[in-house]
Structures are given as C-alpha cells and as structure tokens.
Amino acid sequence: MTGFSVSLFVSSFSNVASYLSPIFETIPSKAVPARIEKVVSLVSRTGRDLQRYDNSGYRQVVGCVPYRYKTQQVNGTESKEIEVLLISAQKGKGMLFPKGGWEIDESMEEAALRETIEEAGVTGELEEKLGKWQYKSKRHNIIHHGYMFALLVDQEFERWPEAEMRQRRWVGLDEAREVCQNWWMREALEAFVDLKCHIKEVEIEV
C-alpha cells in the first residue's frame, strides 16, 4: 500500500468517526466498552515513491533495537536482564533488527516506530539514537545510511503486517551478538549495550 493510500484510509476513517461521534454520545455508557485497546494496521507501506535520499544519492534507512527487562531470581535475589527482539530476514536464514526506508512524509522517529511495528509487531518508548552507519545493500548494490534507536517495548501485537513472512524472537545480549547477521547492526547493538551499561553505572553511583 502506498503512502497516499494510507493517508486516504486515515482520512476516510476520520470522516466516519466524526460522523458517528454524535450517535455514540446518545448510547448509554454501559453499552460501550470502557476501554478500546490499541490496534495496529495490518498493511505495510510498499514502494519507493516516497523514499528519502541524501544529496549523494544514499538511501536513508532507520530502525530500532527493541528491548525489554526480564526479571529473574538468582540465588534468591531478584535481578533484571535485558533482552532484545530480533526478526528473521525476508530472504536468507539470518536474524536482524527491524529497519526500513525513511520516507519524505515522516520524521526519522516516526519512520523508526513505523518500521518496527510493520516488521516486528512491537511498539513502545523511542529512546536515544544509537548512531549512523554507512553500508552497501547486497540485493540492490546501493549505498545506505542506517540510523538506529533504542526502543523500550511496552506493547507486543499478536498480529502485525509482516507476521506471515517473519519470525521474531526475544534473546539475551550474547545470543544477539552471535545471530545478528549485519555487521552494522551488531555495532548498533554494542552502542546500545554501552549506553545502557553507562546509565546503570550512573544509577549505582547516585
């Protein structure tokens, strides 16, 4: 689905919602669910019409290192361990972090969140930018600039746009280092680890 189609869908949905709003107000509150859970679009953006390139013609790509804290008991003491979420590549057997093209109608942060939802089916609090990497695509022989963010996951969807073509797996940091297939994503992981370890050291000192 193109960006135009997504915008058209959102616009149409908003018009319908505006029309139905007065009707909903006349319905007794007990007849309406007290809470409506977040839902995620099951359609990914496709095509390169809105793709962003820099002045050198390098394609701009953005993604996330999604993570969570797993609580466990060690010798009777509760501790928290970081797990990161990896997804399977569309082609090949490797694992990687979610990423995709940064498009001209969105900010870098919006693109990072969108790609993570589309490819991994999770969302949460977007945190620090981990860095910028330059790499060459094996499939298209094009140079890319890749930007990565840390993402503290607070919601994991059972259904998401690329669920039928990708698997996802929570792993510890050591396993992530071993199975992540892209060198620049492994460097992003190390930047993430350095950042989180530094924050933990500061908290201990305080």
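Throughout, read-outs are computed from the coordinates displayed, never taken from laboratory work. Since we're looking at a predicted model, the values are computed, not measured. All Cβ positions, even for glycine, are placed from backbone atoms using ideal geometry, and neighbour counts span all protein chains on display.
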Stretchable slack from Asp174 to Ala89, in nm (0.36 nm times residue separation minus alpha-carbon distance): 28.7 nm
Net lengthening on full extension, Gln51/Val74 (0.36 nm per residue, minus Cα-Cα): 3.5 nm
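Provide the net charge surrounding Arg177, with neighbours chosen by a C-beta distance below 11 Å and charges set as Lys +1, Arg +1, Asp -1, Glu -1.
-4
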Two-site label geometry, Glu158 and Lys129: point separation in nm, points 7 Å out along Cα→Cβ: 3.8 nm
Förster radius 41 Å - calculated FRET efficiency between Glu81 and Ile143 (Cβ-Cβ, nearest 0.05): 0.65
